[in-house]
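**Q** Below is a structure I'd like to ask you about.
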Amino acid sequence: MSDCGNCRNCGPAPAIEFPSSGPGNAVRQVSVALVGPPNSGKTTLFNRLTGLRQKVANFPGVTVEQHTGEAELPDGRSIRIIDLPGIYSMAPRSEDEQVAHDVLTGKRADTPKPQAILLVLDSTNLGRHLMLAAPILALGVPTLIILNMADDLHGRGGHLDAAELSAQLGAPVALISARQGDGIGQVFDFLAGAMPAPAPRELPVLHDVPKCREWAGRVGNEAKYHAPLPPVWTRRLDSVFLHPIAGPLVFLAVVVGVFQTIFTAAVPLMDGVHWLFDVSGAWLASALPPSIFRSLLIEGVWSGVGSVIVFLPQVLLLFLFLGILEDSGYLARAALIADRTMARVGLQGKSFIPLLSAYACAVPAILATRTIENKRDRTATILIAPFMTCSARLPVYTLIIAAFIPNQMLFGFLNARAASLLALYALGFLVAVATARALKSSILKSGHTSFLLEMPSYRWPTLQSIGLRLYDRSKIFLRRAGTVILLVTVVLWIAAHLPTHNGHAPPIGESFAGMVGHAIEPAIKPLGFNWKIGIGLITSLAARETIIGTMGAIYGMDPASRSQDLQHALRQDLTLGGAIAVLVFFAFTMQCVSTIAVVRRETGGWKWPIAQFAYMGVLAYAGAFLAAHLIR
């Protein structure tokens, strides 16, 4: 067999060694690394193997996400699977690739070297992906070569002799479809040590890229690999979706459709959640005797936290659509379309993925910039990411829009509320683009970097993948409601009941909370905000959506508005101009302590986060001021 570099004589892959049973080994667990190129179906396989037994954290010392899960073998043994960032080679160029390299080679002190590796390759792109096999096998760790997307390979007329490829590589090979679940039993056989090892082969340690390609091609030929025909529907759809004119128009239509659905389909679900809180709150109020605890529970926690949880259906609908677009392969096309816009403002296409993830949350978006090699491009992307409309802004937008924008149709097909929400998303994006342009033409100026992106075939999203995504988002949303928002609500309730007068709580306007609101009211009055809104602006520094819980708690404790729903109560305190000012303020301001902390960590100091907070704050104040005075 031909090679393309320095060779080593690799014996058959040793079996996975499980720790012996017993009390002394109770905490020991086999660790298996899941690695492969981007778009090889690695995450789909990870979800298939681990199900709901997953958790996400950061690798200690670096802000690169570590996805870990547990796979349970048929005999009851449990294996820890680490889903590593996607790589094309063992020569790292960015920090996430460096983390994957260091974990595989055992160079991270906080993460033990894996006892086995699952190398996931796209069987429809084997000529390109096979180049990664040799450096992984050269590590000497038991490795299963997983050729994913077997359904696409066979469905498009491709062919592969998996047994011959296994013999050529000197490692077991499994041809599977992670999306459909075909062949997953082979993966469990390998993890359980029941898969036979092939005879040893000489494998190259790859250094020279052209020779590596030649080597991979020869291995494929010996394994009788015939690449599948290009998918017909992929070519047909791409002729529209990637068209210079039709592509952006389709993307705009998709976005409009998503927001239209969010504002229409979510309403019955939100009404249902609202009804549940009303009924349960009334039952608790009648079941509990009058006391401080009942006041805290009903007026504080139930009104505050419940006001936020009502918006969970809308947030999940947004992530449902994002999941469908991503899993279907369409978002990769959207990234390619966006690359043209990114280039005009001085950024590269790689900035699109972090900016897109910022629509979920700015924190993981900023972490995702680790894939951008150019430091100035990365810094610019970090600085504009908070302008993207994150899911924490969605409850604020929805509440204000539903309270002040009439539910009527525009142009005969677009709901006015959906149009308002779309305008806010567009406003954040346009300001982000303008900011990026200013940064890249001045203090962060740098040369253009080429953008390479592998286009996956279009596929039907699976219920399991979408379900796990929604499950994770629900956990995150409810955890935030049960921690940050709950804490803020309790603190607010206490501040609203002090100082006591003859053992009785003061009117909320005379409480400590009211004093703080009145103290900042002169500064925000030009924006059309009163002291109640001022309290909400302060608490929203912990998390943007906290203002909803704050306003729910404030109005719940105010006898004048206790019987009104939150939308009606807000209409008593805000004019239309003031309401639009709230929307503009939240579109621009950086009200998130977590984001500030991550920016400081990623940029290595306080210079950029302070400048970012000040710039976005001034922009938010100026925009809200103009809105309050131009709209009556």
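The values are calculated or read from the model by the stated rules, or taken from the named source; none is laboratory data. All figures in this text were calculated on a predicted structure; none of them were measured in a lab. Here the Cβ positions follow ideal geometry from the backbone for every residue, glycine too, while neighbour counts run over all protein chains shown.
**Q** So which of Y458, Y555, Y471 is of a type in the set (F, W, Y), touching a helix residue (DSSP H, G or I) at 6+ places or on another chain (Cβ under 8 Å) and assigned to a helix (DSSP H, G or I)? Please lay out each step first, then the result.
**A** Values: Y458 fails: assigned to a helix (DSSP H, G or I); Y471 fails: touching a helix residue (DSSP H, G or I) at 6+ places or on another chain (Cβ under 8 Å).
Among Y458, Y555, Y471, only Y555 is of a type in the set (F, W, Y), touching a helix residue (DSSP H, G or I) at 6+ places or on another chain (Cβ under 8 Å) and assigned to a helix (DSSP H, G or I).
**Q** Sticking with this one: Quick check, is A418 assigned to a helix (DSSP H, G or I) and modelled with pLDDT of 90 or more?
**A** Here the answer is no, as A418 does not meet what is asked.
**Q** What do you reckon, is K350 among the basic types (K, R), free of Cβ contacts under 8 Å to residues at least 60 places away in the same chain and out of contact with any His (no Cβ under 7 Å at 6 or more places or on another chain)?
**A** Details: among the basic types (K, R): yes; free of Cβ contacts under 8 Å to residues at least 60 places away in the same chain: no; out of contact with any His (no Cβ under 7 Å at 6 or more places or on another chain): yes.
Considered against the rule, which asks whether it is among the basic types (K, R), free of Cβ contacts under 8 Å to residues at least 60 places away in the same chain and out of contact with any His (no Cβ under 7 Å at 6 or more places or on another chain), K350 comes out as no.
**Q** Based on this model, can you work out whether T449 counts as surrounded by 14 or more Cβ atoms within 10 Å (Cβ to Cβ), over 30 Å from G181 (Cβ atoms) and modelled with pLDDT under 85?
**A** yes
**Q** Then there's this: Closer than 23 Å to P228 by Cα and surrounded by fewer than 23 Cβ atoms within 10 Å (Cβ to Cβ): does that describe G140?
**A** no
**Q** Sort out for me the helices (runs of 4 or more DSSP H) sitting completely within region 77-196 that have 1 or more residues that are among the hydroxyl-bearing types (S, T, Y).
**A** 95-105, 162-169
**Q** Turning to a different aspect of this structure: When region 113-135 is examined, which residues are found to be more than 18 Å from E454 (Cβ to Cβ) and at pLDDT below 90? Walk me through it before giving the result.
**A** At the first step, the residues of region 113-135 found to be more than 18 Å from E454 (Cβ to Cβ) are 113-118, 134-135.
Within region 113-135, K113, A134, P135 meet the criteria.
**Q** Same structure, new question: With S446, S511 as the choices, which residue is without any contact (Cβ under 8 Å) to a residue 40 or more places away in the chain and farther than 30 Å from S40 by Cβ?
**A** The match here is S511.
**Q** I would also like to ask the following. Hey, among E510, E454, which residue is closer than 30 Å to G346 by Cα and either of a type in the set (S, T, Y) or surrounded by fewer than 17 Cβ atoms within 10 Å (Cβ to Cβ) (or both)? Break it down into steps so the answer makes sense when it comes.
**A** Numbers: E510 fails: closer than 30 Å to G346 by Cα.
The conditions single out E454.
**Q** Where residues in region 300-321 are modelled with pLDDT under 85 and in contact with a Lys or Arg (Cβ under 8 Å, 6 or more places away or on another chain), which of them is surrounded by the fewest Cβ atoms within 10 Å (Cβ to Cβ)?
**A** F319
**Q** Test P364 against the criterion of being in contact (Cβ under 8 Å) with a residue 60 or more places away in the chain, under 20 Å from the mean Cα position of the chain (by Cα), within 19 Å of V315 (Cβ to Cβ) and surrounded by fewer than 21 Cβ atoms within 10 Å (Cβ to Cβ), and give yes or no.
**A** So P364 fits the description; yes.
**Q** Criterion first (surrounded by 15 or more Cβ atoms within 10 Å (Cβ to Cβ), acidic (D, E) and closer than 19 Å to L383 by Cβ) does E602 satisfy it?
**A** yes
**Q** Restricting to region 589-599, and then to whatever is in a helix (DSSP H, G or I) and of a type in the set (S, T, N, Q), can you tell me which residue is surrounded by the fewest Cβ atoms within 10 Å (Cβ to Cβ)?
**A** The residue in question is S594.
**Q** Could I ask something else about it? Can you find a residue in region 300-317 that is in a helix (DSSP H, G or I) and free of Cβ contacts under 8 Å to residues at least 12 places away in the same chain?
**A** Looking for residues that are in a helix (DSSP H, G or I) and free of Cβ contacts under 8 Å to residues at least 12 places away in the same chain, one finds none in region 300-317, hence no.
**Q** Examine region 99-120 for a residue that is touching a residue at least 60 places away in the same chain (Cβ under 8 Å) and acidic (D, E), and state whether such a residue exists.
**A** Checking region 99-120: not a single residue is touching a residue at least 60 places away in the same chain (Cβ under 8 Å) and acidic (D, E).
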